[in-house]
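Okay, here's the structure, questions in a sec.
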Amino acid sequence: MTLDTPSLMLTNTLLTATLAVCLALVARRDRADGLFYWGLALTAHCAAYVLYMLRGQVSDWFSVVLANMLLVSAFALMQEGLYQFQGRKAPRWRLWLPVLALGVLFALLLGNIHARVVVLACALCLQFAQFAVAMGQRWSETPGRGKFFVMAGIALSALALVVRAVAVVMGQLAMGSITDSGLLQTLVFAMAAVAMILVNFGIVVMIKERADARNHTLAFMDELTGLHNRRHVLLALEQQIAWACRARQPLSLLLLDVDFFKRINDTLGHLSGDQVLRDLGAGLRSHLRACDIAGRWGGEEFIVVLPGTDAAGAAALAERLRGAVEAKRFVMPDGTALTVTVSIGLHTLHPVPVDATADTLLGLADRALYRAKALGRNRVEVA
């Protein structure tokens with residue numbers, strides 16, 4: 001296969017069709033990662049190139065007007081997918097206006113290929129600019145390196161279009177048909193093929209990297225409360241014990257248990273119980289320092305690791321937490337308001353012995369918590 005425009009167009013078509021099929025196999029409309037729209041974009045892109053290759057065999061209304069509307073539509077659909085990926089509502093009138101405008105202008109310029117090249121370049125560059133702005137608005141929230149591949153592909157596409165349009169305006173590209181195989185025309189289509197690969201590779205990488213980031217978060221965070229989960233707290237506690245031993249600093253641990261939580265679930269339902277746990281998680285975060293580690297220990301139990309905090313400081317914080325919970329009105333999903341109390345057990349290591357373990361510290365704090373429960377609940381006990 002020689003490197004000419006028809007060959008590049010065929011290669012681009014086959015590549016786009018393959019990518020579209022791959023996305024179609026994994027995409028569902030109810031997914032929130034943009035795959036459905038990106039699959040549609042590839043399908044529109046593929047259809048546009050098929051119509052390009054049929055130039056001269058079918059009516060120009062199909063191979064010129066419809067083909068180029070499909071091409072611009074492909075990038076509108078890409079933006080639809082990007083907005084869905086970002087969890088935002090797409091400004092559809094802004095995305096689809098260039099498609100309608102191009103259709104009208106191409107109908108008026110059906111016999112002027114040079115003018116059409118310039119119009120197409122303007123329409124697509126507008127779409128690329130909108131895509132770049134949308135990416136930039138959530139740049140810091142998009143993890144990983146996929147976004148760089150996407151933006152490189154968009155930039156290369158824009159460059160190819162600008163080069164082609166400028167060459168036409170300056171008379172350096174004499175075009176009789178889109179399938180002409182001059183050096184510049186062939187270079188432009190080669191750049192377009194590379195750009196498409198970069199963009200779609202970047203999209204796949206973006207989706208994978210976000211999934212990896214979410215999986216990492218789920219591995220160490222409690223989904224209901226937004227606090228650290230038991231696994232993460234245990235790892236952090238072992239690290240803090242080692243640090244406190246080396247630095248000869250105190251280390252305190254609080255265990256909190258919601259009083260009569262089963263009664264809340266039994267009388268008001270599990271949705272109300274979940275709401276109590278969410279509110280408690282938020283309340284804990286608001287009372288702690290950045291270096292403190294709060295987590296959901298299990299069920300209705302919470303744990304707080306306090307690096308560099310002595311017994312007096314830990315007891316004062318525990319009492320503040322207990323009082324804040326008692327004073328708060330917990331509003332349930334049905335509008336019911338109730339008062340919740342917590343029992344707290346704490347233990348402080350100071351100095352931290354070299355043989356101290358997480359189990360030792362947890363056992364002592366747990367013993368204090370059971371004592372708080374036995375003495376009437378809604379209180380702080382120190383081991």
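Every read-out reported here was derived from the displayed coordinates using simple, explicitly stated rules and does not represent laboratory data. Just so you know, these numbers come straight off a predicted model, no measurement behind them. Quick reminder, even Gly has a Cβ in these numbers, built from the backbone with ideal geometry, and neighbours come from all protein chains shown.
Over the chain, what is the relative contact order in percent, taking alpha-carbon pairs closer than 8 angstrom and at least six residues apart? Intermediate values should be presented prior to the final figure.
Details: 587 pairs, mean separation 47.7, N = 383.
Averaging sequence separation for qualifying contacts and normalising by length gives 12 percent for the chain.
I'd like to know how the range 230-382 sits against the 2.2 N^0.38 Å rule of thumb: what's its Cα Rg over that expected value?
1.05
Distance between the C-alpha centers of the range 296-339 and the range 53-100? Whole Å please.
Cα centres, the range 296-339 to the range 53-100: 54 Å.
Helix-derived [θ] at 222 nm for the chain: sum -39500 (n - 2.57) over DSSP H runs of at least 4, divide by residue count, nearest 500? Provide the component values of the computation, followed by the final result.
Details: 12 runs with 243 residues, N = 383.
The per-residue figure over the chain is -22000 deg cm²/dmol.
Further question: Total Lys pairs in the chain closer than 30 Å by alpha-carbon, pairs eight or more apart in sequence or interchain only? Please list the in-between numbers first.
On the way: K89/K147; K89/K208; K147/K208; K262/K328; K262/K373; K328/K373.
So the count works out to 6.
Convert 10 °C to kelvin, take the viscosity as 1.306 mPa s, use the Kirkwood radius over C-alpha pairs of the range 5-214 as Rh, and evaluate the Stokes-Einstein diffusion coefficient in µm²/s, rounded to a whole number.
Details: Rh = 17.3 Å.
For the chosen part, D equals 92 µm²/s.
Another question, if that's okay. Any idea what % of Cα-Cα pairs in the range 272-347 are farther than 16 Å?
Details: 1432 of 2850 pairs.
Tail fraction, whole percent: 50.
Highest mean first, what order results for 354-367, 41-54 on Cβ atoms within 10 Å?
Working: 354-367: 15.5, 41-54: 21.6.
So the peptides 354-367, 41-54, ranked by packing, come out 41-54, 354-367.
Given the range 230-382, what percent of its DSSP beta bridges are antiparallel, to the nearest 5?
Numbers: 23 of 26 bridges.
In the range 230-382, DSSP labels about 90 percent of beta bridges as antiparallel.
Please find, in a Gaussian network model of the chain (springs between Cα atoms separated by less than 10 Å), the residue of A134, A90, A290 whose mean-square fluctuation is greatest.
A290
I would also like to ask the following. Helix by helix, which DSSP H runs in the chain go 30 Å or more along their axis at the Cα atoms and have an average Kyte-Doolittle hydropathy of 1.0 or more? Walk me through the intermediate numbers first.
Values: long enough: 5-26 (32 Å, 1.61); 113-137 (36 Å, 1.50); 146-169 (35 Å, 2.06); 183-220 (55 Å, 1.18).
The qualifying helices are 5-26, 113-137, 146-169, 183-220.
Calculate the FRET efficiency for V21 and F201 from the Cβ-Cβ distance with a Förster distance of 25 Å, rounded to the nearest 0.05. Display every interim value, and only then the final one.
Numbers: r = 16 Å, r/R0 = 0.65.
That pair, V21 with F201, gives E of 0.95.
Please give, to one decimal in nm, the separation of the simple spin-label points placed at E209 and V166, each 7 Å out from Cα toward the Cβ.
With each label placed 7 Å out from Cα toward Cβ, I get 3.0 nm.
Give, in nm to one decimal, the length gained when the segment between L235 and H287 is fully stretched (0.36 nm per residue of separation minus the Cα-Cα distance). Write down the numbers at each step before the final one.
On the way: separation 52, 0.36 × 52 = 18.72 nm, distance 2.23 nm.
This chain segment gains 16.5 nm when fully extended.
Over the range 230-382, what is the mean sequence separation of C-alpha contacts under 8 Å (at least six apart), divided by residue count, expressed as relative contact order in percent?
Working: 270 pairs, mean separation 49.7, N = 153.
Once divided by the residue count of the range 230-382, the mean separation gives 32 percent.
Could you state, as a whole-number percent, how many of the C-alpha pairs of the range 244-299 are farther apart than 12 Å? Walk me through the intermediate numbers first.
On the way: 1127 of 1540 pairs.
That tail contains 73 percent of the Cα-Cα pairs.
Using a 10 Å cut-off on Cβ atoms, rank the peptides 91-99, 273-281 from the highest mean neighbour count down.
Values: 91-99: 15.6, 273-281: 19.4.
Taking the mean over residues of other Cβ atoms within 10 Å, the ranking is 273-281, 91-99.
On to the next question. Could you work out how much longer the chain between T217 and R377 gets when fully extended? Use 0.36 nm per residue separation minus the Cα distance between them, nm to one decimal.
Numbers: separation 160, 0.36 × 160 = 57.60 nm, distance 3.37 nm.
Extra length available between T217 and R377 comes to 54.2 nm.
Let me ask another. What is the packing order of peptides 224-230, 75-81, taking the mean over residues of other C-beta atoms within 10 Å and listing the highest first? Before the final figure, lay out each step's value.
Details: 224-230: 18.3, 75-81: 24.1.
The packing order, highest mean first, is 75-81, 224-230.
State the extension gain, in nm to one decimal, for the chain segment bounded by A242 and A337, taking 0.36 nm per residue of separation less the distance between their alpha-carbons. Walk me through the numbers on the way to the answer.
Details: separation 95, 0.36 × 95 = 34.20 nm, distance 4.33 nm.
Gain on extension, A242 to A337, equals 29.9 nm.
Calculate the FRET efficiency for L159 and D60 from the Cβ-Cβ distance with a Förster distance of 30 Å, rounded to the nearest 0.05. It would help to have the intermediate numbers written out before the result.
On the way: r = 28 Å, r/R0 = 0.93.
Efficiency computed from Cβ-Cβ geometry: 0.60.
Something else about it: Could you check what % of the DSSP bridge pairs in the chain are antiparallel, to the nearest 5?
Values: 24 of 29 bridges.
If I count the DSSP bridges inside the chain, around 85 percent turn out antiparallel.
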